[in-house]
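J.: Below is the structure I would like to discuss, written out as structure tokens.
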Amino acid sequence: MIIAENSLVSVYSDSMAFLLILGLTIIPRKRDAVDGTRERMFFAMCLLSMINALGSCVAYAVHGQSGSFFMSIELAAKTVLEVALLLMTYQWLMYVDYMLYRSRDQLARRYKYFFLPILILLVLLLVNLFTGVLFTIQPDMSYRSTWVYYVLMAVEYIYFALAFGIIYQYSAKHKHNQVFRITPIIIPVILGTLVNILTDYSASPLGFAIGLVLLYFSFIDSFRYDDEKSGYYNRSYLVGLVEGNEKGADAFCGAICFEASGDGAKELPEILRSELPAKSTIAHIDGGRYILLTRSRRMSDLGFIADMVEDAAEGKVSISTQCFTRGKDQSAAAFIKEAAGV
């Protein structure tokens, strides 16, 4: 079997992408003691990216070979890579949302509807193996795509763009640096996609692989301001959070300090995660102490939230709460020192 020159370059590129992500999944890394969701989502993206690279590698390796056997292999490989790419864009959208808002409830509530187009397209990809409803391989080894295939591409691009929109919306409201852990994947993926569109070479799997590597190192760097055990912010990042949101309705004007002792200190993060809204800004101070920053300075609002958490913890964890409001001329450092003692 002789592989064409441009196909051989693509095979090398896809193989490099596969090995790069494989190495990323097997290297030792620090695991979250409580919040393993983001790690599982990242691993899922790595797995899907590996499948995409493997499918692309096989498709390019057999492309141009005569005979129905090679055409069937190419069609199957093309289908596998499209399935992996479709699921990866959906996974990427959820990963961005979770990394910003840290809410599994929000994922279940919001993205179950986003999965419906994905499910329909997955069924069509399987049907395409027998009917050619999306694309077929012609006798001259070229691809013939139908309008349904362009719908599939549009869904992938829209979901990827939606993730950028979520990042932009979040960064516009929250001026701190949390979004920088997500953005490294963008540039290599865009470059790889452009190479795929403008040339006959395969580069998007390698673009995804490089993006995931950069995202991994950004993920490691995030431990500077993340608390490893709870998944919330750490105490050293508190002042920066308040200072980064000083204008208008986005300013943090209130705080509730939650404290639990003994075994309750381990259960409190999960109670906060399940009871508080998805966009809550929470930091771990020390031991069993956590602080919730709010944009309301009304004690009635703070008291309502504190009572809600206390009711949820009743019979499970013994906690104490204390509410604070920020003075109009009080600095961020002074407010945090009063509320959290840091």
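Readers should treat all values here as calculations from the given coordinates under stated rules, not as data from a laboratory. It should be emphasised that the depicted structure is a prediction, and the values quoted were computed from it without experimental measurement. Neighbour counts run over all protein chains shown; Cβ positions are idealised from the backbone, glycine included.
J.: For Asp226, which sequence-distant residues (separation of 5 or more, or a different chain) have an amide H within less than 5 Å of its own amide H, given hydrogens modelled in the peptide plane?
T.: Excluding prolines and chain starts, which carry no amide H, the hits are Asn234.
J.: Follow-up question, since we're still on this one. What number of lysine-lysine pairs in the range 233-340 show an alpha-carbon separation below 26 angstrom, given a sequence spacing of 8 or more or placement on distinct chains?
T.: Pairs that pass both the separation and distance tests number 10.
J.: Still on this model: For an R0 of 22 angstrom, estimate the FRET efficiency from the Cβ-Cβ distance between Asp200 and Thr25 and round to the nearest 0.05. Please list the in-between numbers first.
T.: Values: r = 30 Å, r/R0 = 1.35.
Step by step, r from the Cβ atoms, then E = 0.15.
J.: Give me the one-decimal nm value for the distance between modelled label points at Ala76 and Leu162, 7 Å along each residue's Cα-to-Cβ direction.
T.: The modelled label-to-label distance comes out at 3.2 nm.
J.: How many nm separate the modelled label positions at Arg104 and Val151, each set 7 Å beyond the Cα in the direction of the Cβ?
T.: It works out to 3.4 nm between the two label points.
J.: Between Ile187 and Phe115, what's the calculated FRET efficiency when r is the beta-carbon distance and R0 is 30 Å? Round to 0.05. Let's see the in-between values first.
T.: Numbers: r = 27 Å, r/R0 = 0.91.
Plugging the Cβ-Cβ distance into 1/(1 + (r/R0)^6) gives 0.65.
J.: With a point put 7 Å past each Cα toward its Cβ, work out how far Phe43 is from Ser296 in nm, to one decimal.
T.: About 3.9 nm, to one decimal.
J.: Mind listing the long-range amide H neighbours of Phe135? Cut-off is under 5 Å, sequence gap 5 or more, other chains count too, H placed in the peptide plane at 1.01 Å from N.
T.: Thr146
J.: Can you tell me which of 285-293, 111-119 comes out highest on packing, and rank the rest after it, using the mean Cβ neighbours within 10 Å?
T.: On the way: 285-293: 20.8, 111-119: 13.3.
Most protected by this proxy first, the peptides run 285-293, 111-119.
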